[in-house]
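Below you'll find the structure, written out as structure tokens, and then a few comments.
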Amino acid sequence: MDLKSKIPDGPMHEKWTDYKGHVKLVNPANKRKLEIIVVGTGLAGASAAAALGELGYKVKTFCFQDSPRRAHSIAAQGGINAAKNYQNDGDSVFRLFYDTVKGGDYRAREANVHRLAEVSAAIIDHCVAQGVPFAREYGGLLSNRSFGGTQVQRTFYAAGQTGQQLLLGAYSALERQVALGNVTQYSRHEMLDVVMIDGKARGIIARDLVNGKLERHFGHAVLLCTGGYGNVFYLSTNAMGSNVTAAWKAHKKGAFFGNPCFTQIHPTCIPVSGDHQSKLTLMSESLRNDGRIWVPKQKDDSRKAIDIPEAERDYYLERRYPAFGNLVPRDVASRAAKERCDEGYGVGTTKMAVYLDFADAIKRYGKIEVGKQGLDNANEAAIIRMGKAVVEEKYGNLFEMYEKITGENPYEMPMRIYPAVHYTMGGLWVDYELQTTVPGLYALGEANFSDHGANRLGASALMQGLADGYFVIPYTLGNYLADDIRTASIPTNHPAFDEAEVKVQQRIEILMSIQGKQTVESFHKRLGKIMWDKCGMARNEKGLKEAIEEIRQLRREFWSDVKIPGKISEMNPELDKAGRVADFIELGELMCIDALNRNESCGGHFREESQTEEGEAKRDDENFSYVSSWAYRGESNWELIKEPLNFEIVKPTQRSYK
Amino acid sequence: MEHYNMNLTLKVWKQSNSREPGAFETYPVQNISSEMSFLEMFDVLNEQLIRDGKDPIAFDHDCREGICGTCSMYINGKAHGPWEKNTTCQLHMRAFKDGDTIVVEPWRAAAFPVIKDLMVDRSAFDRIMQAGGYISVNTGNAVDANSLPIDKKDADLSFMAASCIGCGACVAACKNSSAMLFVSAKVSQLALLPQGEPERESRVLNMVAQMDKEGFGNCTNTYACEAECPKGISVSNIARMNREYLKAGLSAD
């Protein structure tokens, strides 16, 4: 079968305008009769629900957290990109588009990325109008900073809490729609299946996590805004509850999964400290604006960082990539850290860490402050004190977080960091309208695969989540619903709801009846180890084949020996987690199959068989310039359907940051 | 910093749901590393309880990096435990020493009923937000973001108020279970910005009315909320809200 990406005709920069000008509309009276289900309330879900509620649709939102405000978008630190060119440094829609396609190592769909760049400026305008308190300069105008993979300053931020402020803005807009009666909100609810009627998505089965009861909800359309699946690795920067379950249920009902193996490993995270570790904490990419990354030039150097003289330090990113230096894209920075540690130059007790050092920045800022205040004879200590104050204003909350976790003061000694799983570029395959291969079923934000190719640039996830929710889906969904205005709401006693609910109920009962010996957590940890070792920062054919076998074995063991305490009809977090881990195990197998199929390196996907002499990722455009879209055909059985990628504007070249 | 291991005694509130009474149960935990987070220590305990066929302890948590506001334990008489400006998930075991007894309770407030063990229902906060915690601007209406400069001082104060994570520690810490710090943080964030001006009066009146309706207590200026707030939200926001409320009340028709 062919995938229809529905990319509009015409020149790249006119596609979206032209689409909007000709798309079908739904009149206000009909909007009131159309019901929409939004699963997930992060940036994509909350913004979509709010924008659709504003238009007059009847919306229901679902989240597993105790409030929409807690969705994991809240944890995004560094910023949000927009092609505003407020800095007069040469930015434009084209540059943002170009940087994103190149940053994604030419594995994203150009038309989607161009649209993303086009709507980016409106996002900032809207968020400011909502009262999002972005950082400002003394003149009262918005401030910008740099992020990786770009040479302009286009990132808007609110200290190290940009995701929090944007999510609270979207959540406010959502709560306003709840108050107006346009949105009904269901918290502590988990979607456990999509209900299909006549080949279209027409509702969901959700479980009330407080009392364990299954519920049926009808919708003319269903939007999955359920985030990424980085927790398949057990240890990641994701929240503990982040999971693939909603997307996976949709996949098993016919939605294809795009590029599942494309995982982003973030270069700057706090390293693992022991077996007890439950999650990893990111140290924002914004720190690379001012922090310098280095390791000792000597192997196994056990001196303290501050005792190692300048000449004996290897600032390996500045050495290897002079044009971008410490601000190379994430995939490049992560691999470079791994390379140094694998070669024996790592630091810290585990030797699996590199330094992120602010000493230079503190001195530089201190000198600027001294100059500003006209203190000609300030001593070294005064300069450092003032420099620390500047660094504190920029990154204070991150430094505090680092100190709480590690017990070390990063103002005095360099941070120790190491790459960790952070984001998944893969996700449900969607067309230009964000519709999956199931009619009426949409995927927004990190849950879809569409905009970031094989590597996402920093500060682009927030941009994409809000673009999809505020500015794309309100147009594209109307194009589908315009044909549905005569469809009355379908009562939830329809046989399709009966059937879906029975299946969900049976699966829960089977899980509870196993009563084996091993905990859910122990299975999750084992899955994570397989994935990290064999489908992590570097992948090869042998390892991936082994991983597939090991995961299959793990799945059999899970379904015969998992131990879940408690009852079905009560608050039972272990049961919730068991369902999610079961889905992660199946996803893990597909990720390895996808990684095995893609015998090239691109972005975050590094196949050891495919690298340049300098150890850089080597793409194979002749054979792999396509989106891998996987159709579920039964247990351990997937069919690959390729969506060819055509580059009209940005011609693929060997990506260089040197 | 030296790493060490410790044995501890935990006294934890167990309650099967909102209808039944709860009680403390005692759990010994062994071999806890000083490098663990407080919630990782609970993970270790729960894994042990499940293996022993016992009921694990239900607690709310999600991001484990101090920003989502989900975690909510009242530890040794303090919301989020002994460290200042900190959430439970960021509390690390180096705050304790071998042989300590640690008492862990849920947030206690009439407006936050217990769901199970250490989990409480904080949906009252959502309803207060629905009463007015927003600026009424539909998508697509905004002017250019830089068309309205905002004094950096006000923008910074607004941001500081906006950094509230909605965890409810202020309510738990207050002897009256007052939600004034939470509500005043949102009122302040929006009152400090020109965009918040048109709804300035209705916002404060409606949010305070909803707060009272939810059953939160009155503020008697003990400042316990600020002392235990993980984000250091200042009580000056409460003073600002009181001024806003007074002004709005005087000019209301």
### Task
Taking the Cα atoms of the range A:33-95, report the difference between the largest and smallest coordinate on each principal axis, in whole Å and largest first.
46, 29, 15
### Query
What is the calculated FRET efficiency for B:ASN5 to A:GLN515, with r their C-beta to C-beta distance and R₀ = 25 Å, to the nearest 0.05?
0.15
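Sorted from fewest to most neighbouring beta carbons within 10 Å, what does the list A:ASP468, A:ASP105 look like? If you can, show how the numbers build up before the last one.
Working: A:ASP468 33, A:ASP105 27.
By the 10 Å Cβ count, ascending: A:ASP105, A:ASP468.
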### Message
If the reach is capped at under 17 angstrom between alpha carbons, list the lysines near A:LYS297, excluding any in the same chain fewer than eight residues apart.
### Response
A:LYS338, A:LYS351
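Which shape class applies to the range A:172-327: rounded if a/c is under 1.5, otherwise prolate when a/b exceeds b/c and oblate if not, where a ≥ b ≥ c are the square roots of the Cα gyration tensor eigenvalues? Before the final figure, lay out the partial values.
Working: a/c = 2.70, a/b = 2.66, b/c = 1.02.
It is prolate, given that a/c is not under 1.5 and a/b is the larger ratio.
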### Task
Classify chain B as rounded, prolate or oblate from the Cα gyration tensor: take a ≥ b ≥ c as the square roots of its eigenvalues, call it rounded if a/c is under 1.5, otherwise prolate when a/b beats b/c and oblate if not.
prolate
### Summary
Computed on Cα atoms, Rg of the range A:345-483 relative to 2.2 N^0.38 Å comes out at 1.61
#### Entry: Ranked A:LEU223, A:LEU527, criterion: other C-beta atoms within 10 Å, fewest first
A:LEU527, A:LEU223
### Task
Tabulate in residue order the Karplus-calculated ³J(HN,Hα) for the range A:550-563, using 6.51 cos²θ - 1.76 cosθ + 1.60 with θ = phi - 60°, rounded to whole Hz; enter x for Gly and Pro.
5, 5, 4, 4, 5, 5, 4, 5, 4, 6, 10, 9, 6, 10
## Note on the structure
Links exceeding 23 Å between C-alpha atoms in this model, out of A:LYS20/A:LYS249; A:LYS279/B:LYS78; A:LYS15/A:LYS84, come to A:LYS20/A:LYS249; A:LYS279/B:LYS78
### Message
Over 18 Å between Cα atoms: which of A:LYS525/B:LYS54; A:LYS299/A:LYS658; A:LYS567/B:LYS54; B:LYS11/B:LYS54; A:LYS534/A:LYS577 fall into that group?
### Response
A:LYS525/B:LYS54; A:LYS299/A:LYS658; A:LYS534/A:LYS577
### Query
Among the aspartates and glutamates, which fall within straight-line cross-link reach of A:LYS563, defined as a Cα-Cα distance under 16 Å, with same-chain neighbours fewer than 8 residues apart omitted?
A:GLU509, A:GLU521, A:GLU574, A:ASP576, B:ASP43, B:GLU47, B:ASP52, B:ASP55
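Per residue of B:122-129, what is the mean number of Cβ atoms on other protein chains within 10 angstrom of that residue's Cβ?
Values: counts 5, 5, 0, 4, 10, 3, 1, 11.
Counting other chains' Cβ atoms within 10 Å and averaging over B:122-129 gives 5.
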### Task
For chain A, find the longest principal axis of its Cα atoms and tell me its angle to the long axis of helix A:93-103, 0 to 90°, nearest 10.
90 degrees
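Scan chain A and hand back the longest stretch that contains none of the GluC sites (Glu not before Pro) lying in DSSP loops with at most 16 other Cβ atoms within 10 Å.
Values: sites that count: A:GLU137, A:GLU343, A:GLU408, A:GLU412, A:GLU570, A:GLU608, A:GLU609, A:GLU613, A:GLU614, A:GLU635, A:GLU648.
Segment A:138-342 is the longest.
Take A:VAL391, B:VAL143 and order them by how many other Cβ atoms sit within 10 Å, fewest up front.
On the way: A:VAL391 22, B:VAL143 10.
Going from least to most buried by this count: B:VAL143, A:VAL391.
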### Task
Could you work out how far the C-alpha centroid of the range A:84-154 sits from that of the range B:24-86, in angstrom?
40 Å
### Task
For the range B:169-253, run through the trypsin sites (Lys or Arg not before Pro) and keep only the ones in DSSP coil with at most 14 other Cβ atoms within 10 Å of their Cβ.
B:LYS175
### Query
Using Cα atoms only, what is the angle between the long axis of helix B:38-51 and the major principal axis of chain B, expressed in degrees (0 to 90) to the nearest 10?
50 degrees
### Query
Separation between the A:GLU403 and A:ASN27 pseudo-spin-labels, each 7 Å from Cα along Cα→Cβ, expressed in nm?
6.4 nm
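Using the Cα atoms of the range B:123-251 to build a convex hull, what is its mean projected area in square nanometres? Could you put the intermediate results ahead of the total?
Values: hull surface 32.7 nm².
Averaging across all directions leaves 8.2 nm² for the Cα convex hull.
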### Task
Run through every distinct alpha carbon pair of the range A:495-618 and return the Kirkwood hydrodynamic radius in angstroms, one decimal place.
16.2 Å
### Query
Any idea what the alpha-carbon Rg over 2.2 N^0.38 Å comes to for the protein assembly as shown?
0.89
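Within the range A:556-595, list the trypsin sites (Lys or Arg not before Pro) lying in a DSSP loop whose Cβ has at most 13 other Cβ atoms in a 10 Å radius. Can you show the working numbers first?
Working: sites: A:ARG556, A:LYS563, A:LYS567, A:LYS577, A:ARG580; in loops: A:LYS567.
Of the trypsin sites (Lys or Arg not before Pro), the ones in loops of the range A:556-595 whose Cβ has at most 13 other Cβ atoms within 10 Å are A:LYS567.
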### Summary
In whole angstrom, the spacing between the Cα centers of the range B:185-211 and the range A:4-23 equals 41 Å
### Query
Which log10 I(q)/I(0) values, to two decimals, does the range A:266-421 give at q = 0.14, 0.20 Å⁻¹ under the Debye formula with one point per Cα?
-0.70, -1.33
#### Entry: Summed residue charge, Cβ within 9 Å of A:GLU35's Cβ, Lys/Arg positive, Asp/Glu negative
+3
### Task
Given a cut-off of 20 Å, name the pairs among A:LYS33/A:LYS200; A:LYS6/A:LYS58; A:LYS394/B:LYS85 whose C-alpha atoms lie farther apart than that in the structure shown.
A:LYS6/A:LYS58
### Summary
Of all C-alpha pairs within the range A:1-134, those more than 20 angstrom apart amount in percent to 62 percent
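Quick note: the coordinates plus some simple rules give every number you see, no bench work behind them. The structure presented is a predicted model; accordingly, all values stated were derived computationally and were not measured. Quick reminder, even Gly has a Cβ in these numbers, built from the backbone with ideal geometry, and neighbours come from all protein chains shown.
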